[in-house]
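What follows is a short report on a single structure.
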Amino acid sequence: ERQSMSKTKRTGKSLLETSNTASTATMLTLGFSEAQAKRMKRVRRTLPMMEDSKAPCIDARKLWEQIGRPHGRFRDWAEFYIKPCTADDKLRAEISALKVQARGTPRTDYILSRDLSAHLAMQAHTDEGYEVRQYFLDMEKLAVRLSEHMGIRADAIIETDNKVTHQAYVGAGNAAKR
């Protein structure tokens, strides 16, 4: 019996969860299916949230692989989606292009910002691209549900704190009277 109590010890950790850090258990508690929770965790690894979402930090070749290799060859996909972005003044800072000599054939590798990577992933006409689009819809729902859930939990904590504080004042008042 003592072991089962230690497994359910409350730490308050769930109060600090965000849409980026929500555990599978929290997602299930909030009404998401097991498949949705797994998808959210999987895509979070591909497109992690970053403090500076405009700074180049995601390898475009790895992104291309993770979104199902649209256009068949990386070079074709980059030509169609990434190269036009390099001409756009607003997006140029979000892309770092690097010429690499690999096995005698020069190639260009790209490092993309998280925001640009998300845009490109959502444009992919692959099963993985669909999964990314669904992820963003799920994350929007998760953010709303977390805010509602945390509000309810915070209200209960505040109410308990107010009761404890009131009892402390009553106790101090009674002690002063004595």
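The values are calculated or read from the model by the stated rules, or taken from the named source; none is laboratory data. Source: prediction; values computed, not measured. Glycine gets a Cβ as well: all are built from the backbone with ideal geometry, and neighbour counts include every protein chain shown. Keep in mind that these areas ignore ligands, DNA and RNA; they rest on the heavy atoms of the full protein, side chains included. Shrake-Rupley method; radii C 1.70, N 1.55, O 1.52, S 1.80 Å.
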Give all pairs with beta carbons closer than 8 Å in which a residue from the stretch 120-144 that is over 16 Å from residue 82 (Cβ atoms) and open to solvent by 10 Å² or more (accessible area, probe 1.4 Å) meets a residue that is of a type in the set (A, V, I, L, M, F, W, C) and outside any helix (DSSP H, G or I); count only pairs at least 6 apart in sequence or on separate chains. 126/67; 128/67; 141/32
Residues in the stretch 24-83 that are free of Cβ contacts under 8 Å to residues at least 40 places away in the same chain and more than 30 Å from residue 145 (Cα to Cα) total 15
Residue identified as touching a helix residue (DSSP H, G or I) at 6+ places or on another chain (Cβ under 6 Å) and of a type in the set (Lys, Arg) among 114, 133: 133
Identity of the residue in the stretch 25-46, touching a Leu at 6+ places or on another chain (Cβ under 8 Å) and closer than 21 Å to residue 127 by Cβ, that ends up most open to solvent (accessible area, probe 1.4 Å): 34
Would you tally the residues in the stretch 86-132 being at pLDDT 90 or above and aliphatic (A, V, I, L, M)? 9
Pick from the stretch 47-60, criterion more than 11 Å from the chain's Cα centre (by Cα) and of a type in the set (A, V, I, L, M), ranking: most open to solvent (accessible area, probe 1.4 Å): 55
Note on the stretch 92-109: residues open to solvent by 90 Å² or more (accessible area, probe 1.4 Å) and assigned to a helix (DSSP H, G or I) are 92
